[in-house]
1. Quick check: pseudo-label points 7 Å beyond the Cα along Cα→Cβ at ARG259 and HIS112, how many nm apart are they?
2. Among GLY236, SER205, SER250, whose Cα sits farthest toward the positive end of the charge dipole of the stretch 140-267 (+1 at Cβ of Lys/Arg, -1 at Cβ of Asp/Glu, about the Cα centre)?
3. When you count, for each residue, the other Cβ atoms within 10 Å and take the mean per peptide, how do 223-230, 164-171 rank with the highest first?
4. Which cross-chain or sequence-distant (5 or more) residues have an amide H under 5 Å from the amide H of LEU68, H modelled 1.01 Å from N in plane?
5. Magnitude of the Cβ-charge dipole of the stretch 84-241, K/R +1 and D/E -1, about the Cα centre, nearest 20 debye?
6. Name the residue from PRO193, GLY154, ALA178 whose Cα lies farthest towards the positive end of the charge dipole of the stretch 114-205, charges +1 on Cβ of Lys and Arg and -1 on Cβ of Asp and Glu.
7. When the chain is fully extended, how far beyond the present Cα-Cα distance does ILE200 get from ALA174, taking 0.36 nm per residue of separation?
8. Quick one: Karplus J couplings for the stretch 166-172, per residue in order, coefficients 6.51, -1.76, 1.60, θ = phi - 60°, nearest Hz, x for Gly and Pro?
Amino acid sequence: MREAETVVEAQRADGQGAAGPGRTAGPVPGCGVGQVPGAAVDADTGTGTEADTGTHTAADAAGTPAPLRILLADDEHLIRGALAALLALEDDLQVVAEAGSGPEALAMALAHRPDVAVLDLQMPGADGVAVATSLRTRLPGCRTMIVTSHGRPGHLKRALEAGVKAFVPKTVSAQRLAEIIRSVHAGNRYVDPELAADAISAGDSPLTVREAEVLEYAENGAPIAEIAERAALSPGTVRNYLSSAAAKLSAENRHAAARIARARGWL
């Protein structure tokens with residue numbers, strides 16, 4: 001580094017390569033075309049060698065695209081950590097944030113603005129589809145994809161309606177997941193073939209949004225009063241929705257209706 005500075009100072013003192021007012025500096029003697037400014041000149045050969053500046057050349061910077069910025073959201077810490085470690089092996093992918101819940105995933109996405117958000121379907125606070133729905137309006141430049149071990153036709157339909165670009169089972173390999181991430185970022189869509197086939201065979205749900213909502217609340221045995229409070233409805237309206245859902249599914253009661261709807265992927 002000091003040798004390079006001495007050569008440049010000597011050339012300035014002699015008036016070589018210095019730019020006067022309104023003129024462009026000429027080439028430094030002994031430097032080839034395209035030599036990096038600040039490079040030292042070998043006294044014996046007259047050729048330049050790059051000074052040890054600790055930075056990349058402009059050509060290197062121009063030729064290396066920035067890696068895709070990835071958000072990973074999964075409430076299972078072990079799975080999330082392993083996935084982050086595997087994706088870190090890919091030169092063009094960079095995990096910039098991790099989250100363990102739906103609200104945390106949304107907050108981290110807004111803070112770090114990733115290119116692609118890889119979201120677990122089932123997370124505390126808000127599921128992956130709910131997070132994707134929020135990101136669709138609040139961070140439209142972020143592509144979203146769902147990874148899940150609970151892939152059901154109803155989940156797939158909700159995800160696609162929310163603008164999710166990929167729906168992937170957790171059994172997929174890390175290498176394949178990396179390929180899907182790149183494809184999603186490029187504007188493509190990916191749906192696991194088995195999940196797609198199941199969705200086609202299951203057909204559309206006969207339940208309205210409200211019927212599905214109260215039926216899901218009833219699934220774990222919640223009483224009418226609790227369902228009414230959670231759904232912000234009157235107890236009478238809740239009973240009507242549950243009766244309608246049970247009739248549509250030919251179930252003897254709301255608990256049986258919830259099991260049928262869950263099995264068919266409609267909850």
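1. With each label point 7 Å from Cα toward Cβ, the separation is 4.2 nm.
2. The residue sitting farthest along the positive end of the dipole is SER205.
3. Numbers: 223-230: 15.1, 164-171: 20.1.
Highest to lowest by the protection proxy: 164-171, 223-230.
4. Close amide H contacts, sequence-distant or interchain: LEU93, GLN94.
5. Values: 15 positive and 20 negative charges, 77 e Å.
In debye, rounded to 20, the stretch 84-241 gives about 380.
6. Going by the charge dipole, the pick is ALA178.
7. On the way: separation 26, 0.36 × 26 = 9.36 nm, distance 2.71 nm.
Extra length from ILE200 to ALA174 when fully extended: 6.6 nm.
8. Values per residue, Gly and Pro as x: 8, 10, 10, x, 6, 7, 5 Hz.
Here, each number is a calculation from the coordinates, and none is a lab measurement. Since the structure is predicted, the reported quantities are computational estimates derived from the model, not experimental observations. Methodologically, a virtual Cβ is constructed for each residue, glycine included, from the backbone with ideal geometry; neighbour enumeration extends over all protein chains shown.
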